[in-house]
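The structure appears below as structure tokens.
The values are calculated or read from the model by the stated rules, or taken from the named source; none is laboratory data. The structure displayed is predicted, hence computed values, not measured ones. We place every Cβ from the backbone using ideal geometry, glycine too, and count neighbours over all the protein chains shown.
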Amino acid sequence: MKAAVRYAYGPPESIQVAEIPTPEPKPDEVRVRVMATNVNRTDIGVLTGKPYLMRAFAGFPNPKVPVTGTDFAGVVDKVGEGVTGFSVGERVWGFADNGCGTHGEFVCFSTQKAILPIPEGVDFATIVACAEAAHYAINFLNKVTLKPGDQVLVNGGTGAIGSAAIQLLKSRDIQVTAVCHEIHVEKVRALGADRVIALEKEDFTQEKIEYDFVFDAVGKSRFSLCKPILKPGGIYISSELGPNWENLTLALTTPFFGDRKVIFPIPSNLLGSMKTIQDLLLQGKFKPLIDRTYTLDQTREAFIYVASGQKIGNVILDLSER
Ligand SMILES: NC(=O)c1ccc[n+]([C@@H]2O[C@H](COP(=O)([O-])OP(=O)(O)OC[C@H]3O[C@@H](n4cnc5c(N)ncnc54)[C@H](OP(=O)(O)O)[C@@H]3O)[C@@H](O)[C@H]2O)c1
């Protein structure tokens with residue numbers, strides 16, 4: 001089969017699209033003919049092995065799985081011994097955030113992991129774009145107790161996590177202010193944000209409004225800058241560790257000092273996130289933002305684009321035409 005491979009941690013340029021043996025499903029695994037997969041920021045972490053902590057999950061000293069990719073949507077093509085609940089020809093999607101080799105024509109995936117049937121009428125690209133970023137957005141938002149009408153600021157409304165977070169918050173009737181570059185204001189408003197701040201025009205940290213929760217979905221701000229716009233009892237979460245991993249230290253110290261705190265969530269329960277987002281998709285309350293679509297042969301280019309930090313929502317590899 002054809003797949004995007006690399007045998008050591010490195011930059012996108014280390015990826016090659018090559019012929020490798022088609023994997024055989026082990027007991028409890030299904031083999032899936034991949035139709036669509038994302039190239040996401042988690043893939044960049046698994047590719048580069050940075051932050052170094054990533055290697056504890058993706059393999060040390062080299063990646064455990066040579067084929068890149070963390071999520072897939074496709075069709076079951078073969079089932080391993082003892083598989084129940086999945087059959088050949090069934091449409092499925094799945095996600096494993098430590099890298100499971102989905103950037104290839106076929107992937108073998110354990111039925112004990114995060115895998116679900118694709119609901120009727122949902123296409124492969126749409127469902128796979130519901131995997132990675134939505135999972136992180138759900139995990140970050142679940143750490144904060146919010147009620148309808150509460151004020152939340154999402155920094156980075158165009159990112160995959162930020163665009164998912166806006167929609168998740170609006171599905172719970174939260175008042176959302178989102179921050180993005182001026183060129184994307186209308187796009188972010190269309191996601192449901194009540195107010196959109198163009199970052200070239202206004203510094204959101206200087207506003208007179210106070211928020212219950214500031215979610216820095218792109219990790220470009222800091223708690224010290226956002227503290228003045230947090231209400232007493234307000235929460236700051238960043239998707240990034242921050243300079244000198246300060247968000248980790250602040251998560252340990254701020255609960256004991258002052259009345260505004262930092263939380264640094266460790267995401268978990270992939271299957272739970274997939275079920276939550278699939279339900280919202282079917283209810284019409286969530287629609288993943290899709291930016292560009294590449295072919296498998298263009299995997300390297302897709303990684304270079306995603307690593308630029310400029311993607312708008314999700315980047316898809318379309319493998320439906322062979
Ligand atoms: N903690 C975790 O478990 C975890 C897991 C996954 C990802 N992450 C991290 O989460 C972050 C977001 O991931 P993602 O997939 O959502 O990223 P992404 O889709 O690559 O987000 C990039 C977006 O951010 C916008 N942006 C860049 N600079 C900005 C700024 N100063 N203010 C506001 N928006 C800005 C860009 O817009 P323009 O194109 O207009 O510049 C672009 O649309 C990444 O840093 C990633 O490494 C963390």
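When only residues in the stretch 133-192 that are among the hydroxyl-bearing types (Ser, Thr, Tyr) and more than 9 Å from the ligand (Cβ to nearest atom) count, which is surrounded by the most Cβ atoms within 10 Å (Cβ to Cβ)?
If we take residues in the stretch 133-192 being among the hydroxyl-bearing types (Ser, Thr, Tyr) and more than 9 Å from the ligand (Cβ to nearest atom), then Thr177 is surrounded by the most Cβ atoms within 10 Å (Cβ to Cβ).
In the stretch 1-57, how many are at pLDDT below 95 and crowded, with 19+ Cβ neighbours inside 10 Å?
1
Which condition number in (1) out of contact with any helix residue (DSSP H, G or I) (no Cβ under 6 Å at 6 or more places or on another chain); (2) more than 15 Å from the ligand (Cβ to nearest atom); (3) not assigned by TED's automatic domain parsing to the domain that holds Val188 is the one that Asn269 fails?
(2) is the only condition that Asn269 fails.
Hey, can you tell me all the residues within the stretch 108-132 that are polar (S, T, N, Q) and either outside any helix (DSSP H, G or I) or within 13 Å of the ligand (Cβ to nearest atom) (or both)?
Ser110, Thr111, Gln112
Being in the same structural domain as Gly149 (by TED's automatic domain parsing), within 15 Å of the ligand (Cβ to nearest atom) and not in a strand (DSSP E or B): is that true of Gly258 here?
Values: in the same structural domain as Gly149 (by TED's automatic domain parsing): yes; within 15 Å of the ligand (Cβ to nearest atom): no; not in a strand (DSSP E or B): yes.
Here the answer is no, as Gly258 does not meet what is asked.
So that you can scan it fast, the table gives a plain yes or no per residue for (1) without any contact (Cβ under 8 Å) to a residue 60 or more places away in the chain; (2) part of a loop (DSSP other than H, G, I, E, B):
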{"site": "Ile138", "(1), (2)": "no, no"}
{"site": "Val152", "(1), (2)": "no, no"}
{"site": "Arg172", "(1), (2)": "yes, yes"}
{"site": "Ile183", "(1), (2)": "yes, no"}
{"site": "Arg189", "(1), (2)": "yes, no"}
{"site": "Thr205", "(1), (2)": "yes, no"}
{"site": "Lys208", "(1), (2)": "yes, yes"}
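Give me a count of the residues in the stretch 224-255 that are within 16 Å of the ligand (Cβ to nearest atom), on the phi < 0 side of the Ramachandran plot and part of a loop (DSSP other than H, G, I, E, B).
3
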